[in-house]
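The values are calculated or read from the model by the stated rules, or taken from the named source; none is laboratory data. Please read these numbers as outputs of a predicted model, since none were measured by experiment. Ideal geometry is used to build each Cβ from the backbone, glycine not excepted, and the neighbour counts take in all protein chains shown. With ligands, DNA and RNA removed, areas are computed over all heavy atoms of the protein, side chains included. Shrake-Rupley method; radii C 1.70, N 1.55, O 1.52, S 1.80 Å.
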Amino acid sequence: MRERDAFIDFINRLKAVSPTITDEQRKGLLRQAMQEHQISATEAAEILKASGLIVGEKENYFAVLGISIEELQNFSEDAIAAHVDAAHKKLYAESLRAGGRPRADGRTEEQWRTLLNQARETLIDPQKRQEYVAMLQHDEVDMQFGGEASPIFEFSDVDKTISQELSHQTVPPDIDVPDGMVYVPAGEFRMGADDEEANEDEQPIHSVFLEAFFMDKYPVTNAEFGDFVNANPQWRKSDLFNDHIPIDYHDGDYLKDWEDGTYPDGKGDHPVTQVSWYAAMAYAQWKGKRLPTEAEWEKAARGGLGEKKYPWGDSIEAEAFNSIYKPDDTTQVGLSTVNGYGLYDMSGNVWEWCLDAYDADFYKSSPHRNPFSGENSMEQIVRRFTNVNISRVLRGGPWGVGSEGVRVSHRFKGNPIDTLPTFGFRCVKEIKS
């Protein structure tokens, strides 16, 4: 990989963790990368501009959302939050509808949505908004690249940790990541929790090593599941006169809100819900994928942030998880801040089915390498999933739950026939050696 390409890859990965770190840390990491890849200040500025990542530069978040400081002056905090939220939702929805269309500003639509999320997060919080307005007014932030030859910088332990985590996310040059998926690197992570909110089945914290794998960037949507049932009529909603899912594979509420084989209007880009574990397994098999193991799900959700409480860090206020948007329903995929591996909606939208059997005591004896809970091997479960009748694991925390429910270590169990309005899924794909 050329040095410029390697630097661009670093910038893209820095964008993913950018909302969780300070601007000084961003500056330090940027300088370190410039020095490592021998990138000049002029070239770095060009790449940063194209990426949409803001590092020490002024970016008018008010202009990004199409609002002004003046129009908010006489608003209450609740009114400001509602106004910012409405502007963000409108622009975000427009960006999703645009698909892969090039933008006039040189950003991709995904980069633009990241900027929209950053703008919303800053302006909806009173303290962050005040600090940001002061920055705009007094021009306090001045990015210093350090000239053509950057000096040696001393990095804090936090900077070093983030830099190491970013380095672990590099996709090897011989790996071709499938469309709509992200690469999760091989390596060890700490699984579980032991704080005051941790349930007994989340303990003890233990080290786990996983091989690299691919994971869907978003939960499977209604539109995607609709393609599946159209191609596989034996998995349609129950019907007296047509092919449909066998009664053994659902609890009677399978795709309850669908009518005439179609998902609810306007929800094509929402996660599919009311799907049983069997149906999720069938979809994954149809796509040449499988459901994630519980360990794969948790490592992916953590996004390289170590033992943080949520996929975005330790503070619930730092992320507009789905309960803030719609406490009584799903939202379209992609509204959450992207995590360190490039994944969205890992908490706060739907519970996500996993491959493992649920075992409350599994962590006490979990294997260190590629753990999987169940009497049969992972391969046997995938091959003969319709024979399964033991409770399975769900992860992620759905809409309508509080902060305790969206913690990254939180575990939930369901009967494989269960089809709740909060149950969805996403898939993984193994990387063949």
Of those in the range 14-44 that are outside any helix (DSSP H, G or I) and open to solvent by less than 50 Å² (accessible area, probe 1.4 Å), the residue modelled with the lowest pLDDT is I21
For the range 50-63, state whether one or more residues are more than 21 Å from L305 (Cβ to Cβ), at pLDDT below 85 and in contact with a His (Cβ under 8 Å, 6 or more places away or on another chain). no
Checking the condition closer than 21 Å to Y92 by Cα, touching a Lys or Arg at 6+ places or on another chain (Cβ under 9 Å), crowded, with 21+ Cβ neighbours inside 10 Å and not small (G, A, S), which residue from N349, N339 passes? N339
Number of positions in the range 68-81 that are of a type in the set (A, V, I, L, M, F, W, C), open to solvent by less than 60 Å² (accessible area, probe 1.4 Å) and free of Cβ contacts under 8 Å to residues at least 40 places away in the same chain: 2
Select from the range 409-433 the residues that are under 13 Å from V350 (Cα atoms) and β-branched (V, I, T) and list them in ascending order. T419, T422
Residues of the range 352-375 being open to solvent by 20 Å² or more (accessible area, probe 1.4 Å) and of a type outside the set (A, V, I, L, M, F, W, C), which ones? Y358, D359, D361, K364, S365, S366, P367, H368, R369, N370, G374, E375
Only one residue in A320, A295 is modelled with pLDDT under 95, at negative phi and either out of contact with any Asp or Glu (no Cβ under 6 Å at 6 or more places or on another chain) or not hydrophobic (A, V, I, L, M, F, W, C) (or both), so which one is that? A320
Only listed residue being aliphatic (A, V, I, L, M), farther than 19 Å from E296 by Cα and open to solvent by less than 40 Å² (accessible area, probe 1.4 Å), chosen from V428, V388, V406, V393: V388
Looking only at the range 191-198, decide whether some residue is within 19 Å of the chain's Cα centre (by Cα) and open to solvent by 10 Å² or more (accessible area, probe 1.4 Å). no
Just the residues that are more than 19 Å from R369 (Cβ to Cβ) and either among the β-branched types (V, I, T) or open to solvent by 10 Å² or more (accessible area, probe 1.4 Å) (or both), please, taken from the range 284-309. Q285, W286, K287, G288, K289, G304, L305, G306, E307, K308, K309
Within the range 202-238, work out how many residues are surrounded by 19 or more Cβ atoms within 10 Å (Cβ to Cβ), of a type in the set (D, E, K, R) and more than 30 Å from R97 (Cβ to Cβ). 1
Any chance the range 384-396 includes a residue that's touching an Asp or Glu at 6+ places or on another chain (Cβ under 8 Å), within 23 Å of G306 (Cβ to Cβ) and of a type in the set (D, E, K, R)? yes
